[in-house]
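The values are calculated or read from the model by the stated rules, or taken from the named source; none is laboratory data. As the structure is a prediction and not an experimental result, all values here were calculated from the model. FYI the Cβ positions are ideal-geometry reconstructions off the backbone, even for glycines, and counts take in every protein chain you see. Accessible surface areas use protein heavy atoms only, side chains included; no ligands, DNA or RNA. Shrake-Rupley method; radii C 1.70, N 1.55, O 1.52, S 1.80 Å.
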Amino acid sequence: MSVEKNTRKLDKGIVRDFSSRMSYASYLQLPTLLSAQQPVSQPEHHDELLFIIQHQTTELWLKLVLHELRSAAAWLREDDLGSALKGIARVKHIQKTLTEQWSVLATLTPTEYSQFRGFLGNSSGFQSAQYRAVEFVLGNKNSKMLPIFESDPQAHGMLAELLAAPSIYDEFLAYLARQGFDVPRSVLDRDVTLAHEFAPELVPLFKHIYENAADNWAAYEACEELVDLEDNFQLWRFRHLRTVQRTIGMKTGTGGSSGVTFLQKALELTFFPELFAVRTEIGQ
């Protein structure tokens, strides 16, 4: 069917009356979603909408990341490695989107941001409960973060729950133990409310898996998926740091942190240190 006068005809079957039907807008709650952008600058600054949407979309993606990672942990508890890896694969795609998103915010120049930054008060991405939740699920537990969220019972409750729950790495190691791999008891019985720290006794286990990949393919594949997950997270952290440095230089953060200096320290945090340490040992 040709297009006449550069205008496409509508198919006869297209639904037009939504007085009693669910529409696209009603399903997605678009009136609520699209009215959630409320600039606070006076007079309203043109670029504040970019700043708000950047952070709101990040929170939406983080909600999905949490959904997938918590489900992956549950699947590991049920010894369903395939479903867990499918969830992790989806998270990896989301991570790439989140990292690319920084390039949009980077179009905000220091001059433009300075014209509405003062209206933000002490609000800061540092206070993102979902971001902290993702860190907790991946193993970077830090109970000192909880008091920041005491004024938000729902966020505080979520973080307290995740602080006490095994991380996805804890669940993976327990899964390996149930599959007959020699996971040290000291690792399996660790205090899961603390951040996972490098355990040298785990390295021989991963060396065995990597050097005998054909015989341990499922475990080998899972290890590489976790490595991808951490690599992507570190790339996000680095892109965050560079965007902040590009926009505010070495200024203190709105939430009271040292800004770029504080973000730099995050690059030293790790989720699965043994999976990186084993690379030095392979082939020796």
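Within the assembled protein chains, the solvent-accessible surface assigned to Val187 is about 10 Å², based on a 1.4 Å probe. Each Lys and Arg Cβ is given +1 and each Asp and Glu Cβ -1; about its Cα centre, segment 8-52 then shows a dipole of about 540 debye. Counting only Cβ charges, +1 for Lys and Arg and -1 for Asp and Glu, the dipole size of segment 52-168 around its Cα centre is about 180 debye. Each residue of segment 248-256 was assigned a 3J(HN,Hα) from its phi angle through the Karplus expression (A = 6.51, B = -1.76, C = 1.60, θ = phi - 60°), giving 10, x, 9, 5, 5, x, 4, x, x Hz with x at Gly and Pro. Phi angles of segment 78-89 translate, via the Karplus equation with coefficients 6.51, -1.76, 1.60 and θ = phi - 60°, into HN-Hα couplings of 8, 6, 9, 5, x, 5, 4, 5, 5, x, 5, 4 Hz per residue; Gly and Pro are given as x.
Looking at segment 1-92, the chymotrypsin sites (Phe, Trp or Tyr not before Pro) that sit in a DSSP loop and have at most 11 other Cβ atoms within 10 Å of their own Cβ are Phe18. Around Ile52, under 15 Å between beta carbons, what's the net of Lys plus Arg minus Asp minus Glu among the other residues? The answer is -4.
Near Thr270: Cβ cut-off under 10 Å, other residues only, Lys/Arg at +1 and Asp/Glu at -1. The net charge is -4.
Measuring against 22 Å, Cα to Cα, the residue pairs Lys63/Lys86; Lys96/Lys251; Lys144/Lys265 contain Lys96/Lys251 as the ones spanning a longer distance.
How high is the FRET efficiency between Gln245 and Ser23 when r is their beta carbon distance and R₀ equals 35 Å, given to the nearest 0.05? Efficiency, from the Cβ-Cβ distance: 0.20. Leu226 contributes about 10 Å² of solvent-accessible surface, heavy atoms of the protein only, 1.4 Å probe.
Karplus-derived 3J(HN,Hα) values for segment 271-280, using 6.51 cos²θ - 1.76 cosθ + 1.60 with θ = phi - 60°, are 9, 10, x, 5, 6, 8, 5, 5, 5, 6 Hz; glycine and proline are entered as x. Once both labels are positioned 7 Å from their Cα atoms along Cα-to-Cβ, the gap between Ser114 and Ser83 label points is 5.4 nm. Recomputing volume of the Cα convex hull per residue in Å³ from the coordinates shown identifies the correct label among [x] 187; [y] 147; [z] 231 as [z].
Put His93, His46, His196 in order of accessible area, highest first, and with a 1.4 Å probe you get His46, His93, His196.
Electrostatic tally near Asp79: other residues with Cβ closer than 13 Å to its Cβ, Lys and Arg +1, Asp and Glu -1, net -1. Loop sites here are trypsin sites (Lys or Arg not before Pro) outside DSSP states H, G, I, E and B with no more than 13 other Cβ atoms within 10 Å. The longest part of the chain free of them is 22-284. This model, with +1 at the C-beta of Lys and Arg and -1 at the C-beta of Asp and Glu, gives the chain a dipole about its Cα centre of some 1140 debye. Ordered by 1.4 Å accessible area with all protein chains kept, Ser143, Ser257 run largest first as Ser143, Ser257. For segment 1-54, the residue among Val15, Phe51, Ser35 whose Cα projects farthest onto the positive side of the dipole built from Cβ charges is Val15.
When Met250, Met145 are compared by accessible surface with a 1.4 Å probe, the order from highest to lowest is Met250, Met145. Here the label points at Gln38 and Glu59, each 7 Å from Cα along the C-beta direction, are separated by 1.1 nm in the simple model.
Loop-resident GluC sites (Glu not before Pro) (DSSP state other than H, G, I, E or B) in segment 221-284 with no more than 16 further Cβ atoms inside 10 Å of their Cβ: Glu268.
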